[in-house]
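The structure appears right after this line, and notes come after that.
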Amino acid sequence: QVQLVESGGGLVQAGGSLRLSCAASGRTFSSYTMGWFRQAPGKEREFVAAITRIGSNTYYADSVKGRFTISRDNAKNTVYLQMNSLEPEDTAVYYCAARLGAVVRTPGLFGSWGQGTQVTVSS
């Protein structure tokens with residue numbers, strides 16, 4: 001399995017931007033499909049975005065499409081989530097996750113998870 005560490009969360013005003021990073025250990029990062037998920041208090045963990053192994057395809061939840069961008073740098077073993085036009089509804093703990101295989105949107109099908117980073121958007 002790959003070990004994942006997120007960073008970049010924080011407090012931002014509505015309309016602002018944040019860039020999350022997820023650093024992976026190991027030499028096989030490019031073998032993994034990567035995803036970002038989030039979980040707000042009292043809610044289930046939900047899919048945000050995913051990217052294929054070499055970054056050729058990206059996928060987004062409808063709620064973030066056009067505002068968030070997922071990308072990866074396989075040379076740096078890192079996946080990013082650029083979040084623009086943030087809304088209070090985006091407040092959650094954000095997790096990155098990795099899986100071997102095709103992109104899916106189900107959290108339970110990802111085998112490796114980071115510890116999460118808090119994003120809080122004030123109105």
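Observations on the structure shown:
- Loop-located GluC sites (Glu not before Pro) in region 24-123 whose Cβ has at most 12 other Cβ within 10 Å (DSSP): 44
- Alpha-carbon centroids, region 15-58 and region 75-123: separation in whole Å: 4
- Once the Cα gyration tensor of the chain is diagonalised, semi-axes √(5λ) in Å: 23, 14, 13
- Heavy-atom accessible surface of the chain, averaged per residue, reaches 50 Å², computed with a 1.4 Å probe.
- Residue 44-residue 120 pseudo-label distance in nm [points 7 Å out on the Cα-to-Cβ vector]: 2.8
- Fraction of accessible area attributable to carbon and sulfur, the chain (%, probe 1.4 Å): 47
- In region 7-113, the trypsin sites (Lys or Arg not before Pro) that fall in loop regions by DSSP, at most 12 other Cβ within 10 Å: 27, 43, 65, 76
- Computed extension length for residue 27-residue 74: 16.0 nm, one decimal, from 0.36 nm per residue of separation with the Cα-Cα distance subtracted.
- Along the axis of the charge dipole computed for region 11-121 (Cβ charges of +1 for Lys and Arg, -1 for Asp and Glu, origin at the Cα centre), the listed residues 69, 36, 26 are led at the positive end by 26.
- FRET efficiency for the residue 11 to residue 102 pair, using the beta carbon distance and R₀ = 35 Å, is estimated at 0.50.
The values are calculated or read from the model by the stated rules, or taken from the named source; none is laboratory data. It should be emphasised that the depicted structure is a prediction, and the values quoted were computed from it without experimental measurement. No Cβ is skipped: glycine too gets one built from the backbone with ideal geometry, and neighbour counts run over all protein chains shown. Keep in mind that these areas ignore ligands, DNA and RNA; they rest on the heavy atoms of the full protein, side chains included. Shrake-Rupley method; radii C 1.70, N 1.55, O 1.52, S 1.80 Å.
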